[in-house]
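K.L.:
Right, I'll just put the structure down here and ask away after.
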Amino acid sequence: MTEESTIIVTGCSSGIGAYCARALAKDGWRVFATARRAEDLAALEADGLEALYLDYTDEASIAALVEAVLERTGGRLDALFNNGAYGQTGAVEDVSTDVLRAQFEANVFGWHDLTRRIVPVMRRQGHGRIVQCSSILGLLPYRFRGPYSASKYALEALSLTLRMELEGSGIFVSLIEPGPIASKFTANALKHIRASIDIEGSVHAEDYRKQLARLDGSGPPNRHKLEPDAVHAVLLKALRAKRPKPHYLVTTPAKQGAFLKRVMPADWFYRLMGRMS
């Protein structure tokens, strides 16, 4: 890496993206931080970051972001941290195809578009790091998280395939599977479930009420939830390691879930996951 390594960090309005963008700047990186709202962009600029608009569902904004960054860096980029996403909650039978399509548009297709535009840049310079903020739900299924989990399973497959196809290029692809991290993610999930699911008309209405209590904070707190600095720590490993790992699991539930999936008979494991709420 150069003395002033350059990185795009997406989804920097709050949570993981906001923390990692500011922390990386303190680590000496030149950070191009993206968000959608003007007030979030202004806050990032106020903290000394180069803030740029990005909406993963808008192809023109993806193209404009890449053009602006490359113009500022003289055509190079050392790293990309895809992070911006949202979680659509709902039973598979209650989620319309349009809602599922919107989940993939934001969580998969936009990431793919941005990544494809960056890979040729990294190939020309002979090095680069692409780090995808996936989810433990990209490795494990979970009730009422089908749309989000499906988008992350797709991201895992695309990213690992890309990693294999980039072998020998000097470009490495890694996935971070955080598990529960303190952020506005659950608040946004609450907004999406209320907007897209007929809760009272569903056979799962009682389960939804329990989910809503957990999401709005009236339910019991998650004692395993970590702060975004835990993601920053593994992100640095993925960016600095001579040969970064394909996967970085962060929280205790993520590590425990991945372990149990490896050692338990499949039927037992999925029944166990089905009893969790």
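The values are calculated or read from the model by the stated rules, or taken from the named source; none is laboratory data. Since we're looking at a predicted model, the values are computed, not measured. Please note: Cβ atoms are built from the backbone with ideal geometry, for glycine as well, and neighbour counts cover all protein chains shown. Each accessible area value is taken on the protein alone, full model and side chains, heavy atoms only, with ligands, DNA and RNA left out. Shrake-Rupley method; radii C 1.70, N 1.55, O 1.52, S 1.80 Å.
K.L.:
Identify the residue in region 16-39 that is surrounded by fewer than 20 Cβ atoms within 10 Å (Cβ to Cβ) and of a type outside the set (Lys, Arg) and, among all such residues, is nearest to the chain's Cα centre (by Cα).
P.N.:
Ala23
Quick grid of which residues meet (1) under 20 Å from Ile62 (Cβ atoms); (2) modelled with pLDDT under 95; (3) open to solvent by 20 Å² or more (accessible area, probe 1.4 Å):
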| residue | (1), (2), (3) |
| --- | --- |
| Val99 | no, no, yes |
| Ala102 | yes, no, yes |
| Ala106 | yes, no, no |
| Arg129 | yes, no, yes |
| Cys133 | yes, no, no |
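K.L.:
Filtering region 40-67 down to residues that are in contact (Cβ under 8 Å) with a residue 40 or more places away in the chain and part of a helix (DSSP H, G or I), which residue is nearest to the chain's Cα centre (by Cα)?
P.N.:
Filtering first and then ranking leaves Ile62.
K.L.:
Pull up region 44-60, narrow it to residues that are of a type in the set (Gly, Ala, Ser), surrounded by fewer than 18 Cβ atoms within 10 Å (Cβ to Cβ) and at pLDDT 95 or above, then point me to the one that is nearest to Gly170 (Cα to Cα).
P.N.:
Ala60
K.L.:
Does at least one position in region 69-85 carry a residue that is over 27 Å from Lys237 (Cα atoms) and within 21 Å of the chain's Cα centre (by Cα)?
P.N.:
No, the conditions are met nowhere in region 69-85.
K.L.:
Of the residues that sit in region 63-93 and are acidic (Asp, Glu) and open to solvent by 10 Å² or more (accessible area, probe 1.4 Å), which one is farthest from Val31 (Cα to Cα)?
P.N.:
Glu93
K.L.:
Next question. Whether any residue in region 65-78 is under 21 Å from Pro147 (Cα atoms) and not hydroxyl-bearing (Ser, Thr, Tyr) is what I want to check.
P.N.:
There is no residue in region 65-78 that is under 21 Å from Pro147 (Cα atoms) and not hydroxyl-bearing (Ser, Thr, Tyr).
Residues checked against (1) open to solvent by 50 Å² or more (accessible area, probe 1.4 Å); (2) in contact with a helix residue (DSSP H, G or I) (Cβ under 6 Å, 6 or more places away or on another chain); (3) closer than 11 Å to Glu177 by Cα:
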| site | (1), (2), (3) |
| --- | --- |
| Pro228 | no, yes, no |
| Val231 | no, yes, yes |
| Leu239 | no, no, no |
| Arg243 | yes, no, no |
| Val250 | no, yes, yes |
| Phe259 | yes, no, no |
| Pro265 | yes, no, no |
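K.L.:
So if I check each of Gly179, Gly146, Gly138, which one is within 19 Å of the chain's Cα centre (by Cα) and at positive phi?
P.N.:
Values: Gly146 fails: at positive phi; Gly138 fails: at positive phi.
Matching residue, one of Gly179, Gly146, Gly138: Gly179.
K.L.:
Hey, Asn83 hits all of (1) in contact with a Leu (Cβ under 8 Å, 6 or more places away or on another chain); (2) over 16 Å from Arg116 (Cβ atoms) but one; which does it fall short on?
P.N.:
(1)
K.L.:
Still on this structure, please answer the following. Please go through region 185-211 and give me each residue that is open to solvent by 40 Å² or more (accessible area, probe 1.4 Å), within 14 Å of Val92 (Cα to Cα) and part of a helix (DSSP H, G or I), ordered by number.
P.N.:
Asp207 - this is the single residue of region 185-211 that is open to solvent by 40 Å² or more (accessible area, probe 1.4 Å), within 14 Å of Val92 (Cα to Cα) and part of a helix (DSSP H, G or I).
K.L.:
Taking the criterion of being aliphatic (A, V, I, L, M), in a loop (DSSP other than H, G, I, E, B), touching a residue at least 12 places away in the same chain (Cβ under 8 Å) and within 18 Å of Ile7 (Cβ to Cβ), would at least one residue in region 102-125 satisfy it?
P.N.:
Checked region 102-125: no residue is aliphatic (A, V, I, L, M), in a loop (DSSP other than H, G, I, E, B), touching a residue at least 12 places away in the same chain (Cβ under 8 Å) and within 18 Å of Ile7 (Cβ to Cβ).
K.L.:
Oh, and also: Go through region 108-117 and report how many residues are among the hydrophobic types (A, V, I, L, M, F, W, C) and buried (at least 21 other Cβ atoms within 10 Å of the Cβ).
P.N.:
Residues meeting the conditions: 2.
K.L.:
Further question: Do we have Thr2 as at pLDDT 95 or above and among the polar types (S, T, N, Q) here?
P.N.:
Working: at pLDDT 95 or above: no; among the polar types (S, T, N, Q): yes.
Taking the combined requirement at face value, the residue does not satisfy it.
K.L.:
Looking at region 216-234, I want the residues that are at pLDDT below 90 and have a partner that is surrounded by 16 or more Cβ atoms within 10 Å (Cβ to Cβ) and of a type in the set (Val, Ile, Thr) with Cβ atoms under 7 Å, at least 6 apart or on another chain. Which pairs are those?
P.N.:
His224/Thr251; Lys225/Ile181
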